Every structure is written in structure tokens, then in C-alpha cells.
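Written below as C-alpha cells is the structure these notes are about.
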Ligand code: ADP
Ligand code: MG
């Protein structure tokens, strides 16, 4: 059933419009967002579609192909709506809290973004609803302010302490581009990213590994980074350069904290280097940066699991130019930069490695850079 179908079935009328927002893949720059650093995501063609019609003021009803019953709520505060509908209630709350007069609405959702795979189905949901409510209410909210509003919904209302990456990608990415985002200033640069024209492709490998301890581990990484910045006397780890890394590490006693800092500082530099290479048209040369990013996440930030490490190793052995886990970690997806005509061989090699290790089979597909959130 499409979002329109479910809207008609549940509400007995036509939606006023359809709004779509994508999931995302982060090409490079992991856990750098909450350190005021750099990220480089692109939008997936997979997206969440919201079919929406304005309704009585102060009342919102939402249904989803994911759930049985529609959920209705009024002007709520964080904690009052829980479960999947909290993402929608959070968007309404965040807009109201920022002083906007949010139109009441009936909303039906459908999505083909894999849930819980690190491709950000949560941001796709938030961004589709946010964009619909802004359009229908004619709210004066420029694009660059929108991600932070959606992030607040997820942080404060849903209670998930995520950075600005996911919502920025879903809202600000453009077709055929990667989004170079400065997470301190929210400045963006749209980097041309049309791999097919170069005979290249990004293969996404969903490890299908069960996510474990994600929230706790994420919180621990975040705390370690914030504590390190405090000890170093900088606003955020973004303010430590690769040149200053040796000095910074010398000021930290804790071995684990030193490794966390090394990941963030080197990862920020890898994002900058990747952007330079892409701008110069040297796309194949970003491969080693992707692979170095993976090693840093595996050894220094310690956020990978055997399923993603094996996906990276087997893709590289099958000829990928570079490969890395993408997303927050502890499962999720790997991306590999490959020659487009080698996709079958790389997929076969990864599947074979999974079979040998006794893992649940991965799901693989070629990802192209799709558009950001918009009315259809
Ligand atoms: P990720 O963002 O990596 O996919 P999250 O745990 O952050 O994983 O978000 C997944 C949650 O978002 C789901 O458990 C569900 O509550 C909600 N969600 C995502 N898409 C939809 C949808 N189309 N309809 C209802 N809920 C959704
Ligand atoms: Mg999410």
C-alpha cells in the first residue's frame, strides 16, 4: 500500500499532497557531527512518503504502513506520545516550541528505507512530516534551520541523543551531489557525485547484523569526546587539527580517550581530503581514505562488529577501491567504492565470506545520490 492508499483507506478522503524525504548514506565522516566537525552524506533513492491533509487546529492523527491503528494527539510535551508516533509528535512539538503555528493534520506514512540499518529511517520520517507541515502551514522556516528543528524532535521528544548529520542529509541533500556539511556553522557545499559517469558505483552492503547496545555505546563515545575537549580546553574536538594531534594526545592520560580523539581528528581530515579529491575529479583516489576511515572506526573508535569488518575485507579483496562501515555503528551497513562492472563479483565475494563465517546473509544494492526532502 502506498501512503496515498493508506490515507484514503483510513481517512476516507484524498490527501492534499505528498511529501517525500530520503534516508542517507554517509560517504565519510563518522561521529564527527557532534564534535562540530565535517560530514559528507548523500541521499538515498529510498525514502519516506507522507500523505497529508490539514485538519482541525491543535489535532494530529498519524498512521503508517508500519502500524495497525492511527494515533491521535493534541498539543503535547516530550514523553506524552511514545513509540513510532513520537517522531511525528516530536516534529509538531519542536515547531511549536520554536514559535510556529503548526496546522493540525492527518498524516499517512509509507517508507522503503530499511529500519534500524543505519540508513536513517528516523530522519526520513521526521523530515517528510516537517516539510509537509511547513508547506501546508506556509511557515517561514529556511532550509538551513530545518535540520536542527528535526534534530531537537529526536533528541528531546524521542530521547535519542543523535547529532545533526541525519536530518541535514535528508533535508539538504541534492540529486547527484554529496553534501559537504560543516556541523558547526551548518554551511554546506554541494559536491558533484555522479559516479555512473565515471564507470564507478557505491555498493551498499546491509550487514543485517542485529544492533546491540547502540544507545549506551553511542552515549559513551559522545561523553568521551566531550570530556576530552574539556581537558584540552577547546570548544569541541573539531578544534584539534591533525598537526596538533600529537600535542593533544600528550595531554590525555586515558588510553581509551586518546584513541577516541585520534579517530575524530583524523576522520575530520579524511572528510576534507575526500572533498578535495572529489572536487579535483579524482574519485577513485578516495578509496584509501574510505578504508582508512574503517580501520579508524574499528581500532580507535571501536564501533564495528565482525559482520561489517568481514564485509569490508571481502569487498576489498574482490577489488573494491575502498570500503567502510557507514552510520553510527554496532551493525548497520558498509559501503564500497567499486568499478560498476564489478558489482556481481564483489557481491558474490561478500556473500561467500558471510556464508563461511556463518552469518545471516547480507543485502546488497547499488546506491545513487537521490534528491532531498520535497513535495512530490
Ligand atoms: P534508523 O534511523 O537507523 O533506521 P532508528 O532507530 O533511529 O533507526 O529509527 C527507527 C525507528 O523510526 C523505528 O523503530 C520507528 O519507530 C520509526 N520509523 C521509521 N520509519 C517509520 C515509518 N515509515 N513509520 C513509522 N515509524 C517509522
Ligand atoms: Mg535514526
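Throughout, read-outs are computed from the coordinates displayed, never taken from laboratory work. Remember, it's a predicted structure, so these values are computed and weren't measured experimentally. FYI the Cβ positions are ideal-geometry reconstructions off the backbone, even for glycines, and counts take in every protein chain you see.
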Exercise for the section: Hey, could you grab the Kirkwood Rh for the chain? Inverse mean 1/r over distinct alpha carbon pairs, Å, one decimal. Expected result: 21.1
Fill in the blank from the handout: Connecting every pair of Cα atoms under 10 Å apart in the chain and solving the GNM, the largest mean-square fluctuation among 83, 116, 332 falls on 83
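Considering only the chain, what is the antiparallel percent among its DSSP beta bridges, to the nearest 5? Write out the running numbers ahead of the final one.
Working: 45 of 50 bridges.
The answer is about 90 percent antiparallel.
Note the full-extension length gain between residue 115 and residue 242 as 0.36 nm times their separation in residues minus their Cα-Cα distance, in nm to one decimal. Don't skip to the end; give the middle numbers.
Numbers: separation 127, 0.36 × 127 = 45.72 nm, distance 3.55 nm.
Gain on extension, residue 115 to residue 242, equals 42.2 nm.
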Problem - Protection proxy ranking, peptides 95-101, 147-153, 241-247, 313-319, average beta carbon neighbours within 10 Å, highest first - result: 147-153, 313-319, 95-101, 241-247
Handout entry: At R0 = 25 Å, FRET efficiency that the Cβ-Cβ distance of residue 223 and residue 80 yields, to 0.05
Key = 0.35
Exercise for the section: Please give the residues of region 114-131, grouped as numeric ranges, whose backbone N is less than 13 Å from a label point set 7 Å along the Cα-to-Cβ vector of residue 65. Expected result: 114-115
Completion exercise
Here the FRET efficiency for residue 2 versus residue 355, based on Cβ atoms and R0 = 30 Å and rounded to 0.05, is 0.25
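Sort the following peptides by mean Cβ neighbour count (other Cβ atoms within 10 Å, averaged over residues), highest first: 198-205, 226-233. The partial results should precede the final answer.
On the way: 198-205: 20.0, 226-233: 15.8.
So the peptides 198-205, 226-233, ranked by packing, come out 198-205, 226-233.
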Completion exercise
GNM on the chain, Cα springs under 10 Å; top mean-square fluctuation among 225, 333, 173 goes to 225
Exercise for the section: Rank 348, 323, 56 by mean-square fluctuation in a GNM of the chain with C-alpha springs under 10 angstrom and give only the top-ranked residue. Expected result: 56
Exercise for the section: Would you mind checking the radius of gyration and Dmax of region 195-367 based on alpha-carbon positions, in Å? Expected result: 17.2, 50
Problem - Two-site FRET efficiency, residue 375 against residue 254, from Cβ-Cβ distance with R₀ of 56 Å, rounded to 0.05 - result: 0.70
Completion exercise
Projected onto their principal axes, the Cα atoms of region 3-192 stretch, largest extent first, over whole-Å spans of 44, 31, 28
Problem - Computed [θ] at 222 nm, helices only, for the chain once each DSSP H run of length n ≥ 4 contributes -39500 (n - 2.57) - result: -12000 deg cm²/dmol
Practice task
Place a label point 7 angstrom from the Cα of residue 341 along the Cα-to-Cβ direction, then list the residues of region 174-210 whose backbone nitrogen is under 16 Å away.
Solution key: 196-201
Problem - Principal-axis tilt of helix 255-279 within the chain, Cα atoms, nearest 10 degrees - result: 80
Problem - Ranked packing of 256-262, 162-168, most packed first, by mean Cβ within 10 Å - result: 162-168, 256-262
